[in-house]
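Participant: Take this structure, written in structure tokens, and hold onto it; I'll ask about it next.
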Amino acid sequence: MKPTDSRPMPQAVRFAAADGYPLHGHIWRCAEPDRHRAVVVINPATAVHSRYYARFAAFLHGRGLDVLTYDYRGIGGSRPASLRGLHAGWLEWGELDFEGALRWLEGHCPGQPVLAVGHSAGGLLLGLAESNRKIVRSLTVGAQFAYWRDYARDQRWSMWWKWHVLMPALTAVCGYFPGRRLGWLEDTPQGVVRDWTSRHPRFEHGLGRGRARSADRPARLIARCAALGGELLALSASDDPFATVPAVQRLLGYFTGSRRCHLQLEPARVGVASIGHFAFFHARFADSLWPLAGQWLQQGSLPAAVPGEWIAPHLPD
């Protein structure tokens, strides 16, 4: 951000993941300490730089919240000199990196209620950190774990070709996914691509392919997801080809310890043609959709009139 920018300036921070890996982030913090003021941590989508969420973070900060954004290992400011050979997948991002963010908040924002936002696979990561029981309220946006049969029917095969054939093929050649050169998000570690392209409808069985795993890992992951308590609002858009109703419901089915609800946003109700998988965090929704997110995070409620349809919070039969 430029010095002349009127938006609040965040402070760059570095902290350790649970295994010591150095992570980079930014925190928007109010000047006066207050143990009653909540702090929000934002989990990015797969292969998305944390700067993408800076305007949304500044908006939440303007409502009186402290906000932490950060990059997972291998992405943005947390990227090493080379991605080849980096041991990083969704498991590491959740069990180690998100866990490290929660521990850092515990030490630097002691006593403050912790809220969480998870975009796309960042919503799955809410269930992977051991300290997730400390989160009192969560918001997910387009959250799912890329099970291909849940993709929008009219785009399923083109998405399968792009993300489940071409992406892993390029990753096998390069040792990582060269997304930046292709204009397909950020460069991405090989292990993340393996997790993304799993064909298993149960994420606990699909994660960590090609790596050693313990026999009790699936049960441990299910229990950890169930440990996420408090309230959880899942937002999705009716035109999002990734976060279809079956995809969002599939993930919500793991968070059995939370009071869950699912609101599917309708673009026409906010006067736009599309929201899709990414646009929720665009500044053009600062006056229409972002206040819904802010009210939910701060109060656990939404206005009586919402720009979408309520969906049952449980897995479909």
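The values are calculated or read from the model by the stated rules, or taken from the named source; none is laboratory data. All values reported here derive from a predicted model rather than from experimental measurement. Virtual Cβ from ideal backbone geometry, glycine too; neighbours counted across all protein chains shown. Only protein heavy atoms, including side chains, enter the accessible area calculation; ligands, DNA and RNA are left aside. Shrake-Rupley method; radii C 1.70, N 1.55, O 1.52, S 1.80 Å.
Participant: Under the condition of being touching a residue at least 40 places away in the same chain (Cβ under 8 Å) and part of a helix (DSSP H, G or I), which residue from the range 109-144 is surrounded by the fewest Cβ atoms within 10 Å (Cβ to Cβ)? Full working, then the answer.
Facilitator: Residues of the range 109-144 that are touching a residue at least 40 places away in the same chain (Cβ under 8 Å), as a first pass: 109-130, 132-133, 135-144.
From what's left, part of a helix (DSSP H, G or I): 121-125, 130, 132-133.
Details: Ala121: 28, Gly122: 27, Gly123: 29, Leu124: 26, Leu125: 27, Glu130: 17, Asn132: 26, Arg133: 14.
Looking at residues that are touching a residue at least 40 places away in the same chain (Cβ under 8 Å) and part of a helix (DSSP H, G or I), I get Arg133.
Participant: Considering the range 196-251 alone, what residues qualify as being of a type in the set (Asp, Glu) and farther than 26 Å from Gly294 by Cα? Steps first, answer last, please.
Facilitator: Initial filter on the range 196-251 (of a type in the set (Asp, Glu)): 204, 216, 231, 239-240.
Selection gives Glu204, Asp216.
Participant: Here are the criteria: (1) open to solvent by less than 40 Å² (accessible area, probe 1.4 Å); (2) under 25 Å from Arg133 (Cβ atoms); (3) not acidic (Asp, Glu). Tell me which single one Gln295 does not satisfy.
Facilitator: For Gln295, the exception is condition (1).
Participant: In addition: Condition test on Arg51, is it within 18 Å of the chain's Cα centre (by Cα), of a type in the set (Lys, Arg) and either within 20 Å of Trp296 (Cα to Cα) or at pLDDT 95 or above (or both)?
Facilitator: Values: within 18 Å of the chain's Cα centre (by Cα): yes; of a type in the set (Lys, Arg): yes; either within 20 Å of Trp296 (Cα to Cα) or at pLDDT 95 or above (or both): yes.
Here the answer is yes, as Arg51 does meet what is asked.
Participant: Can you tell me how many residues in the range 189-202 are buried (at least 16 other Cβ atoms within 10 Å of the Cβ) and either modelled with pLDDT under 95 or in contact with a His (Cβ under 6 Å, 6 or more places away or on another chain) (or both)?
Facilitator: Of the residues in that region, 2 qualify.
Participant: Let me ask something else. Please name all residue pairs, on different chains or six or more residues apart, with Cβ atoms under 7 Å, provided the first residue is in the range 65-84 and is farther than 16 Å from Leu96 by Cβ and the second residue is of a type in the set (Ser, Thr, Tyr) and modelled with pLDDT of 95 or more.
Facilitator: Listed by first residue and then by second, the contacts come to Thr69/Ser50; Thr69/Tyr53; Gly76/Ser50; Leu83/Tyr176; Arg84/Tyr176.
Participant: If you scan the range 145-169, which residues turn out to be among the aliphatic types (A, V, I, L, M), in a helix (DSSP H, G or I) and in contact (Cβ under 8 Å) with a residue 12 or more places away in the chain?
Facilitator: Start the filter on the range 145-169 by keeping residues that are among the aliphatic types (A, V, I, L, M), which leaves 146, 152, 159, 165-167, 169.
Still in the running and in a helix (DSSP H, G or I): 159, 165-167, 169.
Across the range 145-169, the qualifying residues are Met159, Met167.
Participant: Based on this model, can you work out whether Arg63 counts as surrounded by fewer than 18 Cβ atoms within 10 Å (Cβ to Cβ) and within 20 Å of the chain's Cα centre (by Cα)?
Facilitator: Working: surrounded by fewer than 18 Cβ atoms within 10 Å (Cβ to Cβ): yes; within 20 Å of the chain's Cα centre (by Cα): no.
It is false that Arg63 is surrounded by fewer than 18 Cβ atoms within 10 Å (Cβ to Cβ) and within 20 Å of the chain's Cα centre (by Cα).
Participant: How about the range 79-108: which of its residues are among the hydroxyl-bearing types (Ser, Thr, Tyr) and buried (at least 21 other Cβ atoms within 10 Å of the Cβ)? If you could, list the steps in order and put the result at the bottom.
Facilitator: We begin by selecting, within the range 79-108, every residue among the hydroxyl-bearing types (Ser, Thr, Tyr); these are 82.
If the condition is that a residue be among the hydroxyl-bearing types (Ser, Thr, Tyr) and buried (at least 21 other Cβ atoms within 10 Å of the Cβ), then no residue fits.
Participant: Can you name every residue in the range 115-143 that is more than 18 Å from Leu105 (Cα to Cα) and hydroxyl-bearing (Ser, Thr, Tyr)?
Facilitator: Ser120, Thr140
Participant: Determine which single condition Leu185 fails, assuming it passes every other condition in (1) at pLDDT below 95; (2) farther than 21 Å from Gly77 by Cα.
Facilitator: (2)
Participant: Which one of these does Val270 not meet: (1) farther than 19 Å from His119 by Cα; (2) touching a Lys or Arg at 6+ places or on another chain (Cβ under 7 Å); (3) of a type in the set (A, V, I, L, M)?
Facilitator: Of the numbered conditions (1) farther than 19 Å from His119 by Cα; (2) touching a Lys or Arg at 6+ places or on another chain (Cβ under 7 Å); (3) of a type in the set (A, V, I, L, M), the odd one out for Val270 is (2).
Participant: Another question, if that's okay. Only one residue in Ala243, Ala237, Ala247, Ala283 is over 25 Å from Gly191 (Cβ atoms) and buried (at least 18 other Cβ atoms within 10 Å of the Cβ), so which one is that?
Facilitator: Working: Ala243 fails: over 25 Å from Gly191 (Cβ atoms); Ala247 fails: over 25 Å from Gly191 (Cβ atoms); Ala283 fails: buried (at least 18 other Cβ atoms within 10 Å of the Cβ).
Just a single option satisfies the conditions, and that option is Ala237.
Participant: Another question about this same structure. Is it fair to say His36 is surrounded by fewer than 21 Cβ atoms within 10 Å (Cβ to Cβ) and at pLDDT 95 or above?
Facilitator: It is false that His36 is surrounded by fewer than 21 Cβ atoms within 10 Å (Cβ to Cβ) and at pLDDT 95 or above.
Participant: Report the residue count in the range 250-262 for those that are in contact with a helix residue (DSSP H, G or I) (Cβ under 8 Å, 6 or more places away or on another chain) and either under 20 Å from Arg55 (Cβ atoms) or crowded, with 17+ Cβ neighbours inside 10 Å (or both).
Facilitator: Of the residues in the range 250-262, the ones in contact with a helix residue (DSSP H, G or I) (Cβ under 8 Å, 6 or more places away or on another chain) are 250-251, 254-257, 260, 262.
From the residues that got through so far, the ones that are either under 20 Å from Arg55 (Cβ atoms) or crowded, with 17+ Cβ neighbours inside 10 Å (or both) too are 250-251, 254-255, 257, 260, 262.
Count: 7.
Participant: Then there is this: Take Thr244 and tell me if it is in contact with a Cys (Cβ under 9 Å, 6 or more places away or on another chain), β-branched (Val, Ile, Thr) and farther than 30 Å from Val173 by Cβ.
Facilitator: Values: in contact with a Cys (Cβ under 9 Å, 6 or more places away or on another chain): no; β-branched (Val, Ile, Thr): yes; farther than 30 Å from Val173 by Cβ: yes.
No; evaluated as a whole, the condition is false for this residue.
Participant: Could you please tell me which pairs satisfy a Cβ distance under 7 Å, a separation of 6+ or placement on different chains, a first residue in the range 188-212 that is part of a helix (DSSP H, G or I), and a second residue that is buried (at least 20 other Cβ atoms within 10 Å of the Cβ) and among the hydroxyl-bearing types (Ser, Thr, Tyr)?
Facilitator: The qualifying pairs are Gln190/Thr171; Gln190/Tyr176; Val192/Thr46; Val193/Thr171; Trp196/Thr46; Gly206/Ser198.
Participant: Listed residues Val141, Val136; which is touching a His at 6+ places or on another chain (Cβ under 9 Å) and at pLDDT 95 or above? Step through it out loud before you land on a result.
Facilitator: On the way: Val136 fails: touching a His at 6+ places or on another chain (Cβ under 9 Å).
Within the list Val141, Val136, the selection yields Val141.
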